[in-house]
Amino acid sequence: MAQVTGGELLVRTLAAAGVKTAFGLHGAHLETIFQACAAHDIPIIDTRHEAAAGHAAEGYARAARRLGVALVTAGPGFTNAITSLANAYLDRTPVLYVSGSAALRDAETNTLQAGIDQVAIARPLTKWAHAVTLPRDIPRLVAHAIRIATSPPSGPVLLDAPMDVLTAIVDEETVRIPRTIAVDTHPAPGETAIETALDLLDSAERPVILAGAGAWQCDCAAELAEFAELTGIPVFSDFQAHGLLPSAHALYGGTLHKLADLAAPGSRPDVVLALGVRFGLFTLGASDRLVPAAARVIHVEIDPREIGKLRDAAIAIPADSRETLRALAAKARGRRLRERSGWQQVVRSAKAARGERFREALARETPPIHPYQAVAAIVEHMPAETIVIGDGAEAYHWMNEVIRQDRPGSYITHGFLGAVGFGLGLAIGAQTAHPSRPVLCLAGDGAVGFTIAEFDTLARHRLPVVVVVMNNRSWAASQHFQEMIGNPVAGTRLSSARYDQVAQAFGCEGRYITRIEELGPAIREAFARGRPACLNVEIDVAPMPPELALLASRHS
Ligand SMILES: Cc1ncc(C[n+]2csc(CCOP(=O)(O)OP(=O)(O)O)c2C)c(N)n1
């Protein structure tokens, strides 16, 4: 009988689940897995820090809307990935983290990279965390882990694999690789809820649709466009759902914070169809600023625990957003619905007025570059279909002002954790998921430093990500926070470091940019070269993005 290792069984199960790539950083504990991945043609994108490996698995999962896999070794390999676990958990990103750990026979022997309970640490940061103890259990438990990670609401899982379980030899005929690994689940809404929801929407004067991450995860782009067009209701989205309705669509109003621009009397939404939205940070909690207190909410959300958590739901629909939109559209097609051109015009005017605020910034001719000028030039000159990663704090808030994407899953940025420094990792994952699409990573100068050695990963794996560093020589969101509350600036300034030269030293292209007219051509040239690049752009530290000011006003 042929004999295989536990590591081989683990990788056979990954292959059976359709896993094509993993991200990781080697350690002897993981050796059988690394060898088996090579044998099964599952490339491992090996990073320079486990934080980046974890974030790359998240970036892959989010760009490809499928499971990401991260391999981290025992002890410090695992602890280095904890921020990624937390980020994936709060964002509901389906990632399988496999951690190596000390051999079971070495329990409580003060051995290397051991002595911490990795499963206990991972448990509050995952949907499921478990240590495998019997080699023949590996396929069953890997399949179980993947099922949990990918079933809604999706999220990360950790499978801890002790070294002696991975190196143990098993007769392959005694073990079966499961075939039912992930199950497609799309719970449909109830008939009555659909009828009343459509009545409520049609009775509204100023209805809006809010598309959230849950809607994006349900893959409902076509259904969203159809329903919005049938009813004429404007659509706003959170960042994960950005591009679900193309930004160029006449009914797209912008990201959720732009609802603040509908503040004038007679222009506040009165009925909200919230699709896969989790009320909280991106709706300014339960506050009245974005979603008026008086507005009636139809909350469609796959996780019933989210319905009613911060906002009462006039109609609660614990179901899949795509199925719900299909059912709503089927009903709407047979009805004569209200004409909504007046309300659409209000939303369009608010959108246009927001752009006007930055007319002066755009006209600035001499350095320093205004951050709005920088992001506007990036969006104007990056190629079509570019996936944008948004890191930093003010940097990504500036990007939020101008980003326009016509495909879902093309703007990958902060969720509830607000983990500055994850951008290079996310970009590695997104570029791996879409080798032929351009990927741009926008980073703050603070953010890019967290995993700066990942320029080496980009170079070694020939991942042609263009990284733009918004260099304001500051942890600007922190500095501005200190200034806003009247404190002296302390510990929040950075130097004018040459991140472009660091990237060059790792084998990437590098450019240092101080004038706005250089930026557009530099973006075009960087993408044309098809090599990883760092554009280090000196920008003005003084301006503060309006979205951040809105958030700050809520917390002051
Ligand atoms: C890992 C992590 N550490 C610290 C913070 C707190 N923090 C929030 S914004 C910010 C400043 C970010 O600076 P930078 O990346 O340069 O972006 P900028 O605000 O200048 O655009 C910091 C340190 C955080 N969110 N995440």
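Counting only protein heavy atoms and using a 1.4 Å probe, what share of the accessible area of the range 367-411 belongs to carbon plus sulfur, as a whole percent? With neighbouring chains kept in place, the figure for the range 367-411 is 45 percent.
Near residue 115, once Lys and Arg are set to +1 and Asp and Glu to -1 for all other residues with Cβ below 13 Å from its Cβ, the sum equals -3.
Here the extension length gained between residue 549 and residue 205 equals 120.9 nm, from 0.36 nm per residue of separation less the Cα-Cα distance.
Between 141, 166, 151, the Cα set farthest toward the positive side of the dipole of the range 91-206 (charges on each charged residue's Cβ, about the Cα centre) is that of 166. For the range 415-487, the fraction of 1.4 Å probe accessible surface lying on carbon and sulfur atoms is 56 percent. With Cα atoms defining each centre, the range 277-313 and the range 393-468 are spaced 29 Å apart in the structure.
Other residues with beta-carbon under 10 Å from the beta-carbon of residue 407 carry, at +1 per Lys or Arg and -1 per Asp or Glu, a net charge of -1.
Once the piece of chain linking residue 330 and residue 184 is laid out straight, how much longer is it, given 0.36 nm per residue of separation minus the C-alpha distance between them?
On the way: separation 146, 0.36 × 146 = 52.56 nm, distance 2.24 nm.
Length difference between fully extended and current span is 50.3 nm.
Backbone amide hydrogens, once placed in the peptide plane, bring residue 243 within less than 5 Å of 405, excluding anything fewer than 5 places away on its chain. Cross-link partners of residue 331 among aspartates and glutamates, defined as those whose alpha carbon lies under 18 angstrom from its own and excluding same-chain residues fewer than eight positions apart: 191, 195, 199, 202, 223, 226, 229, 320, 323, 339.
Based on the Cβ-Cβ distance from residue 288 to residue 462, what FRET efficiency comes out when R0 is 56 Å, to the nearest 0.05? Once rounded, the FRET efficiency stands at 0.65.
Using a probe radius of 1.4 Å on heavy atoms only, what accessible surface per residue do you get for the chain? Whole Å² is fine. Mind dumping the intermediate values first?
Values: 21230 Å² over 556 residues.
That works out to 38 Å² per residue.
Relative to the current alpha-carbon distance between residue 264 and residue 484, full extension at 0.36 nm per residue lengthens the span by 76.6 nm. Only Lys, Arg, Asp and Glu carry charge here, each on its Cβ (+1 for the first two, -1 for the last two); on that basis the range 476-556 has a dipole of about 200 debye about its Cα centre.
Distance from the C-alpha centroid of the range 478-546 to that of the range 58-79: 28 Å, rounded to the whole angstrom.
Each helix, a run of at least 4 DSSP H residues, gives -39500 (n - 2.57); summed and divided by the residues of the chain, these come to -11500 deg cm²/dmol at 222 nm. Between residue 528 and residue 26, the modelled labels are 3.9 nm apart [label points 7 Å from Cα along Cα→Cβ].
If R0 is taken as 25 Å, the Cβ-Cβ distance between residue 137 and residue 39 corresponds to a FRET efficiency of 0.70.
Each other residue within a Cβ distance under 13 Å of residue 71 adds +1 if Lys or Arg and -1 if Asp or Glu, for a net charge of -4.
Our coupling estimate for the range 494-510, obtained by passing each phi through the Karplus curve with A = 6.51, B = -1.76, C = 1.60 and θ = phi - 60°, is 10, 9, 7, 6, 9, 4, 5, 6, 4, 4, 4, 4, 8, x, 9, 6, x Hz, Gly and Pro reported as x. What percentage of the solvent-accessible surface of the range 1-120, computed with a 1.4 Å probe over protein heavy atoms, is contributed by carbon and sulfur atoms? C and S fraction of accessible area: 51 percent. Within a straight-line Cα-Cα reach of under 17 Å, residue 258 can be paired with the following lysines, leaving aside sequence neighbours fewer than 8 residues apart in one chain: 351. Shape class for the range 120-207, computed from the alpha carbon gyration tensor (a ≥ b ≥ c): prolate, with a/c not under 1.5 and a/b above b/c.
Approximating the spin labels as points 7 Å out from Cα along Cα→Cβ, the residue 111-to-residue 314 distance works out to 6.2 nm.
The shape of the chain can be summarised by an equivalent ellipsoid whose semi-axes, obtained from the alpha carbon gyration tensor, come to 39, 32, 20 Å from longest to shortest.
The values are calculated or read from the model by the stated rules, or taken from the named source; none is laboratory data. Everything numeric in this text was worked out from a predicted model, so none of it was measured. Because the Cβ atoms are built from the backbone with ideal geometry, glycine has one as well, and the counts that use them run over all protein chains shown. Calculation scope for accessible area: heavy atoms of the full protein, side chains included, ligands and nucleic acids excluded. Shrake-Rupley method; radii C 1.70, N 1.55, O 1.52, S 1.80 Å.
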